[in-house]
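Every number in this text was worked out from the coordinates using simple rules, so none of it is lab data. Every value quoted in this text rests on a predicted model; they were computed, and no experiment measured them. For neighbour counting, all protein chains shown are included, and Cβ atoms are generated from backbone atoms with ideal geometry for every residue, glycine included.
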Amino acid sequence: MSEPAVDQYALCSAAAAHIRSLHPAKPTLGIILGSGLGNFASQVENATTIPYADIPSWPASTVQGHAGKLVLGTIGGVQVAVMQGRVHAYEGYAMANVVFPTRVLALLGCTGLIVTNAAGGINKSFGQGGLVCISDHINLTGTNAALGPNEPRFACGPNAGQRFFDMSTAYSPKLRQLAAAEAAAQGIPLPEGVYLAVLGPSYETPAEIRAFRTLGADLVGMSTVHEVIVARHMGLEVLGLSLVTNMAAGVLDEVINHEEVMEIGRRVEGQFTSLVKALVPQVAAAI
Ligand code: HPA
């Protein structure tokens, strides 16, 4: 006889209940901070900080530069749940673990998600250290976080929890417009781009990057798409922001390294913080 399937909904609900016991206020917006962007969590006021290791079933990040803490509190008067670090499939985690935190954020009450990442720039008009608003994605990881029996109990919004669900507005046009307007108001360049996800952990070859450019990708990274897939399954509105930490393989005559990814994050922190901080109340009002 095969093992009974693990009830992910029950595990996510138990994690959400534990978080609620430590921070009863309901967050309306989830924020996932990617590599080098973790310091944004210090913007949270009246913060309750919970190490991932203290939350039942929550996966712990093994990547250097991911702090591994959930920070709950307010930004601009909005209750937020900020993830300082995430786990990736390349660390050896099953898809259910990769998307576990996103599902918990939704069960806590978040109806919107700001997802951020470090990415390689494929589009040659992007520069190292630039921010890009994700307009769409191409999932080339070879897997999908919604695999397995459909779990309608994950529905957190209207028409959510379906077996087959729409991804044509995965990155909310409304939220992208808010981001574009706020960036323009602050004088921060914020072009849009298509994010292509690979499994990693190897960076890409120059031939892969040329192929991805032909496919219509502007950015390449190893995260985000699965979180967005389950967020859409649950009915959340998503805003995606990438930090171009390096030009993708072969674009420049340079090698790519993780230290550089972290260093660029630190350099762009000020711009990223002022943009996202200003967007939080606007996004919360729009979802
Ligand atoms: N490729 C994949 N993932 C990345 C990159 C890259 O060049 N830079 C930051 N994350």
> Which lysines have a Cα less than 30 Å from the Cα of Lys69, not counting those fewer than 8 places away in the same chain?
Replying inline: Lys26, Lys174, Lys277
>> List the residue ranges in the chain for DSSP H helices whose C-alpha atoms run 18 angstrom or more along the long axis and whose Kyte-Doolittle average is 0.5 or above.
In response: 8-22
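How long is the gain from Ala184 to Ala17 if the chain were fully straight, where each residue apart is worth 0.36 nm and the alpha carbon distance is subtracted? Mind showing how you got there, number by number?
On the way: separation 167, 0.36 × 167 = 60.12 nm, distance 3.99 nm.
Net length gain for the segment: 56.1 nm.
According to the Kirkwood expression over distinct Cα-Cα pairs, how big is the hydrodynamic radius of region 193-248, in Å?
12.4
With the cut-off at 35 Å, report for the chain the share of all Cα pairs above it, as a whole percent.
Counting every Cα pair in the chain, those more than 35 Å apart make up 11 percent.
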> Based on the mean of other beta carbon atoms within 10 Å per residue, what is the order of 25-32, 242-249, 208-215, most packed first?
Replying inline: 242-249, 25-32, 208-215
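When the expected Rg is taken as 2.2 N^0.38 Å, what fraction or multiple of it is the alpha-carbon Rg of region 126-207?
1.41
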> When each pair of different Cα atoms in region 46-122 is counted once in the 1/r mean, what is the Kirkwood radius in angstroms, to one decimal?
Replying inline: 13.4
> Cα gyration tensor of region 63-204, axes a ≥ b ≥ c as square roots of the eigenvalues: rounded (a/c below 1.5), prolate (a/b > b/c) or oblate?
Replying inline: rounded
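Which order, highest average first, do 127-135, 181-189 follow once you tally other Cβ atoms within 10 Å for each residue and take the mean per peptide?
Descending mean neighbour count gives 127-135, 181-189.
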>> I'd like the projected area of region 125-173, averaged over all directions, using the convex hull of its alpha carbons. Report it in nm² with one decimal.
In response: 5.5
> Between region 230-260 and region 112-186, what's the alpha-carbon centroid distance in Å?
Replying inline: 11
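Rounded, prolate or oblate: which fits region 1-147 when a ≥ b ≥ c are the square roots of the eigenvalues of the alpha-carbon gyration tensor, with rounded for a/c under 1.5 and prolate only if a/b beats b/c?
Oblate, since a/c reaches 1.5 and b/c is not below a/b.
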